[in-house]
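The structure appears below as structure tokens.
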Amino acid sequence: MDHRVVTQTLDLERRFIEPVVKGVLHTILFHRYFGNVSPRDTCILGSIQYTSVDNTDVQRQVDERVDELMQSLALTGDSKSQISLYFTETKPRRAWFSKSEEEICWEEWIIHINCTVSKSPTEVGQLQASAEDQAKRAIFRVIQEMDKHKDHIPLIASKQSNPFPYHISVAPTSGLWSSMIKRAIPARAPK
């Protein structure tokens with residue numbers, strides 16, 4: 001089975017990245033967390049409301065990965081990064097003399113982030129308005145995609161509270177190797 005990939009690009013000022021990305025991730029998880037879900041409403045940027053799964057493990061994992069995203073942007077000095085959320089199905093895998101399980105991805109969400117920095121106080125207002133607009137559009141797109149595309153979702157064959165494991169990963173899109181090499185090589189003092 002081919003897995004579905006949905007990509008979005010957000011052009012945000014650094015201070016708006018965390019709340020917007022959390023809002024998008026939580027919206028995706030709310031619609032794809034197939035266990036017994038308690039909803040939790042959250043407001044970001046003063047006027048945008050989204051619903052998330054009221055589960056401490058889900059909240060913790062999203063917070064950790066978004067913190068990792070923010071650290072990667074700060075550490076590498078890059079202005080681009082991406083965060084991915086993907087859902088898997090666990091299937092038995094048979095070998096000659098053993099049995100094991102494998103995870104097969106059935107849906108992946110990739111969010112590309114382009115980070116901008118405000119240069120003046122008047123620009124901050126424009127960037128916040130842009131962030132609000134992008135957050136609304138991104139969350140609405142998630143809901144539209146969830147509504148339109150359901151055929152690729154596997155049948156629930158597990159009795160676990162959430163039958164489909166999910167994973168969130170962060171990957172800077174540029175400069176990762178160069179920044180790691182720069183940190184690894186000590187700078188020499190000029191003579």
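Of all residue pairs spaced 6 or more apart or on separate chains, those with beta-carbon atoms under 6 Å, a first member in segment 125-146 that is more than 16 Å from K22 (Cβ to Cβ) and at pLDDT below 95 and a second member that is open to solvent by 60 Å² or more (accessible area, probe 1.4 Å) and assigned to a helix (DSSP H, G or I) are M146/H31. Considering only segment 53-66, I want to know if a residue exists there that is closer than 22 Å to K148 by Cα and touching a Gly at 6+ places or on another chain (Cβ under 9 Å). So far as segment 53-66 goes, yes, one or more of its residues are closer than 22 Å to K148 by Cα and touching a Gly at 6+ places or on another chain (Cβ under 9 Å). Residues that are free of Cβ contacts under 8 Å to residues at least 60 places away in the same chain, under 15 Å from the mean Cα position of the chain (by Cα) and surrounded by fewer than 18 Cβ atoms within 10 Å (Cβ to Cβ) within segment 10-63 comprise E18, Q59, R60, D63, listed in sequence order. Which residues, taken from segment 85-112, are polar (S, T, N, Q), over 20 Å from L155 (Cβ atoms) and modelled with pLDDT of 80 or more? Correct list: S100 only.
Looking only at segment 105-124, decide whether some residue is assigned to a helix (DSSP H, G or I) and farther than 23 Å from T9 by Cβ.
Step one: of segment 105-124, the residues assigned to a helix (DSSP H, G or I) are 121-124.
With the extra rule that they be farther than 23 Å from T9 by Cβ, the set shrinks to 121-122.
Looking for residues that are assigned to a helix (DSSP H, G or I) and farther than 23 Å from T9 by Cβ, one finds at least one in segment 105-124, hence yes.
Just to be sure, is V37 aliphatic (A, V, I, L, M) and within 16 Å of A138 (Cβ to Cβ)?
Numbers: aliphatic (A, V, I, L, M): yes; within 16 Å of A138 (Cβ to Cβ): no.
Here the answer is no, as V37 does not meet what is asked.
The residue that is nearest to the chain's Cα centre (by Cα), among those in segment 97-144 that are among the aromatic types (F, W, Y) and open to solvent by 50 Å² or more (accessible area, probe 1.4 Å), is F140.
Here is a check on your reading of the model: is V5 aliphatic (A, V, I, L, M), touching a residue at least 40 places away in the same chain (Cβ under 8 Å) and open to solvent by 60 Å² or more (accessible area, probe 1.4 Å)?
yes
Can you say whether L12 is within 13 Å of A138 (Cβ to Cβ) and at pLDDT below 90, as far as the supplied structure shows? Please lay out each step first, then the result.
On the way: within 13 Å of A138 (Cβ to Cβ): yes; at pLDDT below 90: no.
Taking the combined requirement at face value, the residue does not satisfy it.
If you scan segment 71-91, which residues turn out to be open to solvent by 40 Å² or more (accessible area, probe 1.4 Å) and outside any strand (DSSP E or B)? Listed by number, the residues that qualify are Q71, A74, L75, G77, S79.
Among the numbered conditions (1) in contact with a strand residue (DSSP E or B) (Cβ under 7 Å, 6 or more places away or on another chain); (2) of a type in the set (K, R); (3) surrounded by fewer than 19 Cβ atoms within 10 Å (Cβ to Cβ), the only one that R94 does not meet is (1).
The values are calculated or read from the model by the stated rules, or taken from the named source; none is laboratory data. Remember, predicted model here, so these are calculated numbers, not experimental data. All Cβ positions, glycine included, derive from the backbone under ideal geometry; neighbour counts span all protein chains shown. These accessible areas exclude ligands, DNA and RNA; they are computed on the full protein's heavy atoms, side chains included. Shrake-Rupley method; radii C 1.70, N 1.55, O 1.52, S 1.80 Å.
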